[in-house]
Amino acid sequence: MIGTITLNPCIDKTLVINGFTYGGMNRVSSKRADVSGKGINVSIALTQIGVPVRTFGINYRNGAQLLNAGLEEIGITYESVMTEGTLRENMKVMDEETSVTTELNQKGDFVDGEKLAEFESLLDAQLEALDILVITGSVPQGVPTDYYRALVEKANARGVRTILDAEGELLLRGMEARPYLIKPNLYEFETAFGLKTKDMKDILAICRKIIADGVKVVCLSMGGDGALIADEKEAYLCRPTPIEVKSTQGAGDSLVAGMCIAMEKGLPISEMLRYGVSTAQGSLIREGTQLCTKEGFEHFEQIVTVEKIEE
């Protein structure tokens, strides 16, 4: 069973504009609102593809009903700890003319140590039922930067393989606990590990160092350039197939969802990458934060290919 963690859930509000003008007046051609948060996005993609998943996290009293109702409509039960505060709202402005999305993301309201301990107790009671645990996304105010490390340690102690998808100190401190897989995007990779160029040799050199320090698999999402994956023995690159991108929201989370499916099947890293990119592409063709469907996954799974990187 796959589990996901979302400590900073939200509502994503997407505005679509044809030709965004900075500092000027813009007319909205369409809008939508979706329940979201990176772990929730992974769960939504898995659920829509037809893969069972458990979804854990923090919920805010002001907005909990809206979040729960949105998830239940998709078929997801949000197993969460309730705290005071208001569910955050993020604004996404998608320019149809350039296919560029501008994001305005709120911080999550403060969560105290008592609620974090309550969440850990909730998770502890369920770890025995999990094979894979996705720990991902930003954290609300009050959560220490080493919190993901503590969650990875808990999962490792129960033999649960962890996927860590975070940035900055959350990623670096979390890696100290040796998660099974990390999935930064290119910007997160550059800032966390000091990458100066986009040369494949330089990227793989950093991946090899990360793996030597205890992480089993590194997957790097690179936007329009696709994604790569590496373990101690080999590395693969997957370039996306040409599509009309309707939204980039949740594409990286969908990549994680696809990798989880391949991991549960016991497939090699080349197939993990292929499943991941297939799921990501299935999300890119949908508006807002709607994410991949079973039909989308099955379509791209038939046409997405990977190539081995010769080192």
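The values are calculated or read from the model by the stated rules, or taken from the named source; none is laboratory data. Quick caveat, the model's predicted, so the values are computed rather than measured. With ideal geometry, Cβ positions are generated from the backbone for all residues, glycine too; neighbour counts draw on all protein chains shown. To get the accessible areas, we keep the full protein, side chains included, count just its heavy atoms, and leave off ligands, DNA and RNA. Shrake-Rupley method; radii C 1.70, N 1.55, O 1.52, S 1.80 Å.
Test Arg27 against the criterion of being surrounded by fewer than 17 Cβ atoms within 10 Å (Cβ to Cβ) and either charged (D, E, K, R) or within 12 Å of the chain's Cα centre (by Cα) (or both), and give yes or no. Show your work before the answer.
Working: surrounded by fewer than 17 Cβ atoms within 10 Å (Cβ to Cβ): yes; either charged (D, E, K, R) or within 12 Å of the chain's Cα centre (by Cα) (or both): yes.
Yes; evaluated as a whole, the condition is true for this residue.
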Would you mention how many residues in the range 244-271 are of a type in the set (S, T, N, Q), outside any helix (DSSP H, G or I) and either within 12 Å of the chain's Cα centre (by Cα) or surrounded by fewer than 24 Cβ atoms within 10 Å (Cβ to Cβ) (or both)? 2
Conditions: (1) surrounded by 14 or more Cβ atoms within 10 Å (Cβ to Cβ); (2) farther than 14 Å from Asp95 by Cα; (3) not aliphatic (A, V, I, L, M). Gly50 meets all but one. Number of the miss? (1)
Is it the case that the range 207-216 has a residue that's assigned to a helix (DSSP H, G or I), open to solvent by 30 Å² or more (accessible area, probe 1.4 Å), more than 16 Å from Ser278 (Cβ to Cβ) and in contact with a Leu (Cβ under 7 Å, 6 or more places away or on another chain)? no
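Restricting attention to the range 35-79, which residues are of a type in the set (S, T, N, Q), within 27 Å of Gly282 (Cβ to Cβ), part of a strand (DSSP E or B) and modelled with pLDDT of 95 or more?
Step one: of the range 35-79, the residues of a type in the set (S, T, N, Q) are 36, 41, 43, 47-48, 55, 59, 62, 65, 68, 77.
From the residues that got through so far, the ones that are within 27 Å of Gly282 (Cβ to Cβ) too are 36, 41, 43, 47-48, 55, 68, 77.
The next check asks that each one be part of a strand (DSSP E or B); those that pass are 36, 55.
Passing the criteria: only Thr55.
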Residues of the range 78-101 classified as hydroxyl-bearing (Ser, Thr, Tyr), at positive phi and touching an Asp or Glu at 6+ places or on another chain (Cβ under 7 Å), total: 0
Restricting the range 80-111 to residues that are within 18 Å of the chain's Cα centre (by Cα) and among the acidic types (Asp, Glu), the residue that is least open to solvent (accessible area, probe 1.4 Å): Glu89
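Just to be sure, is Asp202 open to solvent by less than 20 Å² (accessible area, probe 1.4 Å), of a type in the set (D, E, K, R) and either part of a helix (DSSP H, G or I) or within 25 Å of Asn105 (Cα to Cα) (or both)?
Values: open to solvent by less than 20 Å² (accessible area, probe 1.4 Å): no; of a type in the set (D, E, K, R): yes; either part of a helix (DSSP H, G or I) or within 25 Å of Asn105 (Cα to Cα) (or both): yes.
When the stated conditions are applied, Asp202 does not pass them.
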Testing Pro240 on (1) within 28 Å of Leu291 (Cα to Cα); (2) modelled with pLDDT under 90; (3) open to solvent by 60 Å² or more (accessible area, probe 1.4 Å), one condition comes back false. Which one is that? (3)
Step by step: first the residues of the range 272-299, then only those that are open to solvent by less than 20 Å² (accessible area, probe 1.4 Å) and among the aliphatic types (A, V, I, L, M), then the one that is farthest from Ile309 (Cα to Cα). Which residue is that? Leu291
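Answer with yes or no whether Thr77 is of a type in the set (Ser, Thr, Tyr), closer than 23 Å to Lys294 by Cβ, open to solvent by 20 Å² or more (accessible area, probe 1.4 Å) and touching a helix residue (DSSP H, G or I) at 6+ places or on another chain (Cβ under 9 Å).
Working: of a type in the set (Ser, Thr, Tyr): yes; closer than 23 Å to Lys294 by Cβ: yes; open to solvent by 20 Å² or more (accessible area, probe 1.4 Å): yes; touching a helix residue (DSSP H, G or I) at 6+ places or on another chain (Cβ under 9 Å): yes.
Taking the combined requirement at face value, the residue satisfies it.
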